[in-house]
Structures are given as C-alpha cells and as structure tokens.
Amino acid sequence: MRHIAIIGSGPAGYYTAEACQKQFGDQVSIDIIDRLPVPYGLIRFGVAPDHQSIKAVSQRYEQVSLNPNVRFVGNITVGGEVTVAELIALYDAVILATGAPVDRPLGIPGGDLPGVIGSAAFVGWYNGHPDFAGLNPPLDCEGAVVIGNGNVALDVTRILAKAPAEFVGSDIVAHAFEALGNSAIRRVTMVGRRGPHEMQMTPKELGELGHLQRAVPHVDPADLPPVEADAALEPGQRKAMGHLRGFVSLAQDKEVAIDFDFFAKPIAIEGDGRVERLIVERTRPIGDGQVEGTGETYAIPCGLVVSCIGYRTPPIPGVPYDESAGRFANSEGRVPVDGGNLYAVGWARRGPTGTIGTNRPDGYKIAEEIAADHPAPANKAGGKGLDVLLAERGADKVSFADWQKIEAAETARARDGAPREKFVVVADMLAARGA
Ligand code: NAP
C-alpha cells in the first residue's frame, strides 16, 4: 500500500486526493490533514457567501472523501501536533496544499492603523473563519476604500455594497450579516494603481455590480482607453471592459456609490488613532500596461480600508521556503528535502493565481510526479503511524463522519433561506460532533 499525506483540505488538497485515487486505484491510502475541524478551505472560507454555485464544488470533494481509501484528519496542526519531518518518515509522499491564507502587507505609512484590514481577514470575517470571527471591522463610517483591482477586491466591494435582502440564499455568517445590515457605508472606492485594461476581474461578476439593489457603480469616462484599444484584449477582459463602459452611463440614483478610481497608487494612510483617509498618487500609463507616478496626490476620506493585494503561504518549520515569492521553494511542485517525497500544489506551489479549477490539473500533475519519482511504495507506517503519534500527544482529531455531524448541525440552525449557519468557534465545531 502507498501512503500519501495531503496537508490542507481546500481545492488543491482535494483535487490532488482525487488525482491520487485515479493514479493509484485501491493501492493507495490518503490522509487529508487540516488544522481546522471542518474541510474545504478556500471553498468554505474564501469563496464569497453570495456565490453558492461556486461553493457547490465541495460536493465533488465530498465524493472523494466518501471513498474508503481517503481519511479526513481534521483539527490537527502540522508544525504543531505533528511535524513535516515526522510525516515525511511516515508516508511515501507528503503534499503541501496549504494555500495562501496570509495577507501581503501594504507596506505604506499608516498601513497598521486600526481600520486597515487585509482581505484574508475581512473575507475570513464574513465567511466565519475562526481566526477572524472577532474582527469587528469598522462599518460606522460613510466611506470605505478597497485597494486592488482583482476578483477579491470585487467580492469585498460587492459584499460592502449589498442590501440585506440580497444576502438571502447566501451563507454569510450571522455576525457579518447583522453588522453589514447596520453599516453606515455609502461610498466604496475601489482603488487601482493601473488602468481599466489591467483589471483582473471575472466579467460575469463585474457585471453583477451594475444590478445591485441599493448600489450603483461609477466610472469616470476619462479613465477609459479608446474603445478600439479593447480589440487587443483577450475575450474575458474585453467583456469586462464592456461592463465598465456600460457603468459610465448608469444613473447615480442609489443609496450607495461604488467608485472606480483607476491610476491611483496608495502611498499613505492617515488618521488620528484610526483610518481617516487614504492618500494616493495619480499615475499615468507609460505603455505595456505599466504606469508611473505623476507627483499629484489627493486624499480619499474613509474609515475602513480593505487591502486586496494578494496573499502569501505561511512557512512551516523544516520546509524550504521562497521568501521573495511568499510560497514553498519548489521545482515543478517538488520541494527539495532528503528522501525526495515532499511536494507542493495549488497556491502553496505557484502563488495565489488562477481559479478553483486551475488546481485540478495541478493535482493530477503531482500524482504523476509521485508515480514517476517513487514507482514502488516503501512499506511505510502511513495513517496508522500517525494515529499512534497523535494519540501519544493527546490530539483530538476530527474524522469525515464527525464533519458530517458538524455540517448537519450547521444546516439545522440556518436562518430562513440560507443553506447553513456556520460555527465560527472551533470549540463549537467540536461540540457539534456530539458524543
Ligand atoms: P489579483 O488578481 O492578483 O489582484 C491583486 C490586485 O492588487 C491587483 O489589481 C494588483 O495591481 C493590486 N496590487 C498588488 N499590490 C498592490 C499595491 N502594493 N498597491 C496597490 N495595489 C496593489 O489577486 P486577488 O484579487 O487577491 O485574487 C487572487 C486569485 O483568486 C486570483 O487568481 C483571482 O482571480 C482568484 N479569485 C477568483 C474569484 C472568482 O473567480 N470568483 C474570486 C476571488 C478570487 P497590479 O495589477 O497593478 O499588480
């Protein structure tokens, strides 16, 4: 039997488990280890709560877990209750699928003022991640700024702008639903340091901004390149530009304004004890999608800044790390360690880019690499060995059957129309397993 440990139960982890099942059939035993008692990582804690159709991919991961050769080993921290070195000794292959859950720092003066929040924290807050459930972001201000022109910035902007009635059918957690319902925010400014052609937003989701109940997007036509220039864009971006051009003529007659502020590079955040304004420098295009500062600066008044500028993978003791890239050091997914049986997939391998589906070919590639690097299993202890270690250390591991009980409890306590009400505290998740 070949024993494989996958660290992380998000999309990268589950697609890799699926690929290993296909690659090795019934000759493999797979443990998917997660530090939380609940699986699915980014699907549960990253994908926007009002995009349930995207979250439905978890049903595919569930099928993987229902296979008898796959175990979910939740509530176990690698680098805590067990080390990577121990896993490397116990399993034929160990795969890091830990994603990139840490915010890249803004690195500008005032970036640590209260009211400046990274998107991992803010998204984690409205999605009920136990690390961020207590965030309590300031929503008592009229203006909010969202830094970045990617899909995360788009999600955050939409969540800040939506009316409570638009969260029907979502699984936004109760604390965020209530806080957003009482929000005083009436202007969300989305700040991009480059121009409209450099936005990285999915067109369908950008288009959604034009149909919100109480919010309307505003685009300054002076920021738009000539329409003929869109022809050079790839089709998705061209479609996104179509939406943006459509926003120019929308009547500004709703309660909440969503301002697209292009060519605006954040240079400082100011305020007396909390954020009061973001200072930006006007930029101008210099060709090839690049910009340069013009020296002209201005202030955007705001009481909340959510910076959506990308993520890093947290290091794990004993694992080679590429500091400049913010992910594990690897060559085609192979992480250099003695024994040659440590791999990385997904965002932990290549950084925070691509869609959820991008992780699927990633996982299949790693399964093939493992088969090529280790043609025969090495008679290792696998999950039984892990269980011995965890029992010695008094670890309280959570199985997939336990998760199913937690899930049933979350479904049972959902508010009307919602698919679930997530537990946001680890102890409550553990209690929901029952006896
Ligand atoms: P992203 O697409 O890389 O966008 C990051 C944005 O931050 C860019 O606009 C970037 O501008 C800007 N930025 C970076 N450093 C900055 C700085 N110092 N100051 C100002 N702006 C800065 O990343 P993301 O939005 O975090 O998304 C991560 C991945 O998840 C992406 O692949 C995304 O498509 C995916 N995702 C997909 C969905 C979906 O499909 N529904 C939802 C959420 C996330 P520059 O371009 O100038 O660098």
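A short reminder: the numbers here are calculations on the coordinates, not readings from a lab. Bear in mind that the values here come from a model prediction, so they are computed numbers and not experimental data. In this analysis, Cβ positions are derived from the backbone assuming ideal geometry, glycine residues included, and neighbour counts consider all displayed protein chains.
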**Report entry** Long-range HN-HN contacts of G310 with modeled amide H, under 5 Å
**Finding:** R104
Report task. Treating the Cα atoms of the range 103-307 as identical point scatterers in vacuum, please give the log10 of the normalised Debye intensity I(q)/I(0) at q = 0.08, 0.09, 0.14, 0.19 Å⁻¹, two decimals. Result -> -0.26, -0.33, -0.82, -1.47
Query raised in the report: Between V291 and residues 5 or more places away or on another chain, which pairs have amide H atoms under 5 Å apart, with H built 1.01 Å from N, and which residues are they?
Result: I286
Query - Local net charge near A121, Cβ-Cβ under 14 Å (Lys/Arg +1, Asp/Glu -1) - result: -2
Query raised in the report: Hey, if you put +1 on the Cβ of every Lys and Arg and -1 on every Asp and Glu Cβ in the chain, which of N67, H3, G41 ends up farthest toward the positive end of that dipole?
Result: N67
Report task. Could you work out the local net charge near R214, counting Lys and Arg as +1, Asp and Glu as -1, over the other residues with Cβ closer than 14 Å to its Cβ? Result -> +1
Requested in this report: Hey, can you grab everything whose amide H is under 5 Å from the amide H of L224? Only 5+ residues off in sequence or another chain; H modelled, so Pro and N-termini drop out.
Outcome: none
Report summary line: Restricting to lysines and to Cα separations under 21 Å from K365, and discarding same-chain partners fewer than 8 apart, the set is K22
Query - Rounded to the nearest 20 debye, dipole of the chain from Cβ charges on Lys, Arg, Asp, Glu - result: 580
**Report entry** Per residue convex hull volume, Cα atoms of the chain, in Å³
**Finding:** 148
Query raised in the report: Using alpha carbon centroids, what distance separates the range 113-179 and the range 209-281, in Å?
Result: 19
Requested in this report: Decide, for the range 180-287, between rounded, prolate and oblate: order the square roots of the alpha carbon gyration tensor eigenvalues as a ≥ b ≥ c, take rounded if a/c falls under 1.5, and otherwise choose prolate if a/b is larger than b/c, else oblate.
Outcome: oblate
**Report entry** Extreme residue, positive dipole direction of the chain, given options F132, A121, V78 (C-beta unit charges)
**Finding:** V78
Report summary line: In whole angstrom, largest first, the equivalent ellipsoid semi-axes that the Cα gyration tensor gives for the range 24-157 are 34, 19, 12
Requested in this report: For K397, go through the aspartates and glutamates and keep the ones whose alpha-carbon is under 14 Å away, minus same-chain ones fewer than eight residues off.
Outcome: D31, D34, E81, D387
Query - Debye equation applied to the C-alpha atoms of the range 218-359, log10 I(q)/I(0) at 0.10, 0.12, 0.22 Å⁻¹ - result: -0.60, -0.81, -1.28
Report task. Just list whichever of K239/K265; K55/K265; K204/K405 have alpha carbons separated by over 28 Å in the model shown. Result -> K55/K265; K204/K405
